[in-house]
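For reference, the structure discussed in these notes is given below.
Please treat every number below as a calculation from the coordinates, not as lab data. Please read these numbers as outputs of a predicted model, since none were measured by experiment. Cβ: placed from backbone, ideal geometry, glycine included. Neighbour counts: every protein chain shown.
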Amino acid sequence: MLYQLHEMQRAVLNPMSAFAAAGAKMFTNPNSPLSYMPFASRMAAGYELFFRINKDYEKPEFGLHSTVIDGVDVPLLEKVEMEKPFCRLLHFERFFTKELAKRSADPKVLLVAPLSGHHSTLLRDTARQLVISHDVYLTDWTDGRMVPASEGPFHLDDYIEYVQAFIRHLGPDVHVISVCQPTVPVLAAISLMAAAKDPKLPRTMTMMGGPIDTAKSPTAVNDLATTKPYAWFENNVIYKVPANFPGHMRRVYPGFLQHAGFVAMNPDRHMNSHYDFYLQLIRGDDADAEFHRKFYDEYNAVLDMPAEYYLDTIKTVFQDRALATGTWVVRGDKVMPETIKSVALFTIEGELDDISGSGQTEAAHDLCSGIPKAMKQHFTAPECGHYGIFAGSRWRTVIYPKIHDFIRKHA
């Protein structure tokens, strides 16, 4: 019923948000006499703040239309390489001139995005940097409310099979990069492929800020998942999709609840950010205001997670620690990371990561005991939080060069 109430509230607020957006323009447009009234800037700022707090945020665009390689502008085409009910495999295809034809041999990268609330566009900055020197493919997960219930459930085991299908499609010369949540199912997928002696094993696997072993430096996220019983999550955060979406009657963990949880982790920070935005609009600080808009256009855009997948993750990854304890069985096959021998491993953590604590990702090295030491590498990014691992200046100047060199070394 909560989901239905949320949709009713959204229906009521939409006209008010539209009115606020129009009001903001009326008090800023130089062709409007209202823009010359006293306190016009304050009125416009108040209207826009109301609009942005209450508007419905749709999935943003990747917006990767070109890149610069060796000083040359190279067009990019966002192409659907494979499509499954719950995920699209996107290819950011590069179109080279004759002078850059040799760059078509750049290493092939499968960038596995999280299915954990935000859309895959959260990795826009990651893909933008990688595409300069790599042939980039990315998992673009579908909003659960947009998948018809007739497609059936989606479990963590299905996620693993999706990853394996993408690796086999691109392999065996592909390099897999997983960010945050997918480090666990990606390691499971490659472990199962290694145990089966699959010829399409990837060359390398780079794992960034993920909960491989949540017993190491537990965070608030880990504490929530382990202090509440499994039944609490099933009874309190799982709801059925309302009738106004294609996924009507599908059980999901709604995006609006996830967003509320994100904000609740740092409420003061978000309140101050919105107040600063209001002041920026009054002062006419267009650059800072636009940065705020772009950040929250991404941050506030959330998707519904299939209930089965979310509940499986709570139990398998956080409560049972099945990967770390060696008790994980997928479709009747035991997950054994020690069977991986030919795939190079690079783990990356942020020193200030408050979502995946210190040592949680590095734990993959002990689990992957069959990989030679010369094929293993770890890096802890100093003064870097969770999002800084894959976006922002530290990602571009500190972390990306290490991934670039690691992939070249093992290609």
>> Suppose R0 equals 30 Å. What FRET efficiency, 1/(1 + (r/R0)^6) with r the Cβ-Cβ distance, do residue 200 and residue 338 give to the nearest 0.05?
In response: 0.90
>> Can you give me the Kirkwood hydrodynamic radius for the chain, using every pair of distinct Cα atoms, in Å to one decimal?
In response: 22.8
> Any idea what log10 I(q)/I(0) is at q = 0.09, 0.14 Å⁻¹ for segment 145-273, Debye with uniform C-alpha scatterers and no solvent?
Replying inline: -0.39, -0.89
> Amide H of residue 219: which non-local residues (sequence gap of 5 or more, or other chain) have their own amide H closer than 5 Å, using H built in the peptide plane?
Replying inline: 357
>> Nothing charged except the Cβ atoms of Lys and Arg (+1) and of Asp and Glu (-1): what's the magnitude of the dipole of segment 261-411 about its Cα centre? Round to the nearest 20 debye.
In response: 800
> Which is farthest toward the positive dipole end of the chain among 41, 100, 111, measuring Cα position about the Cα centre, with Cβ charges +1 (Lys, Arg) and -1 (Asp, Glu)?
Replying inline: 100
> Once the Cβ-Cβ distance between residue 77 and residue 31 is put in as r, and R0 is 41 Å, what FRET efficiency do you end up with, to the nearest 0.05?
Replying inline: 0.60
> Among 407, 380, 397, whose Cα lies farthest out toward the positive end of the dipole of segment 372-411, if unit charges sit on the beta carbon of Lys, Arg (+1) and Asp, Glu (-1)?
Replying inline: 407
> Which whole-number percent gives the relative contact order of segment 1-111, counting Cα pairs below 8 Å spaced six or more residues apart?
Replying inline: 16
> For segment 69-77, what does the Karplus curve 6.51 cos²θ - 1.76 cosθ + 1.60, with θ = phi - 60°, yield as ³J(HN,Hα) per residue in whole Hz, taken in order and with x for Gly and Pro?
Replying inline: 10, 6, x, 10, 6, 10, x, 10, 10
>> Let me check against my output: what whole-number percent is the relative contact order of segment 267-411, with C-alpha pairs under 8 Å and at least 6 apart?
In response: 17
> For segment 53-84 and segment 226-287, what is the separation of their Cα centres, given in Å?
Replying inline: 24
> Between segment 121-156 and segment 340-399, what's the alpha-carbon centroid distance in Å?
Replying inline: 21
>> Amide H of residue 69 versus every other amide H placed in the peptide plane: which residues, excluding those fewer than 5 positions away on the same chain, fall under 5 Å?
In response: 74
> Can you list residues whose amide H is under 5 Å from residue 177's amide H, if they're 5+ apart or on another chain and H is modeled 1.01 Å from N?
Replying inline: 110, 111, 112, 206
>> Give me the dipole magnitude in Debye, nearest 20, for segment 77-185 about the Cα centre, with unit charges on the beta carbon: positive for Lys and Arg, negative for Asp and Glu.
In response: 360
>> I need to check one value: relative contact order of segment 53-203, counting alpha carbon pairs closer than 8 Å and at least 6 residues apart, in percent.
In response: 23
> Can you tell which of 195, 323, 369 lies farthest toward the positive end of the dipole of the chain, using +1 and -1 charges on the Cβ of basic and acidic side chains (Lys, Arg; Asp, Glu)?
Replying inline: 195
>> What translational diffusion coefficient, to the nearest whole µm²/s, does segment 1-146 have by Stokes-Einstein, given a Kirkwood radius computed over alpha-carbon pairs, a temperature of 4 °C and 1.567 mPa s viscosity?
In response: 69
> Hey, can you rank 274-286, 199-211 by average C-beta count inside 10 Å, highest first?
Replying inline: 199-211, 274-286
> What dipole magnitude, in Debye to the nearest 20, does the chain give about its Cα centre under +1 on Lys/Arg Cβ and -1 on Asp/Glu Cβ?
Replying inline: 500
> Tally Lys and Arg at +1 and Asp and Glu at -1 over the other residues with C-beta under 14 Å from the C-beta of residue 145: what net charge comes out?
Replying inline: -1
>> Can you give me the Kirkwood hydrodynamic radius for segment 298-411, using every pair of distinct Cα atoms, in Å to one decimal?
In response: 16.2
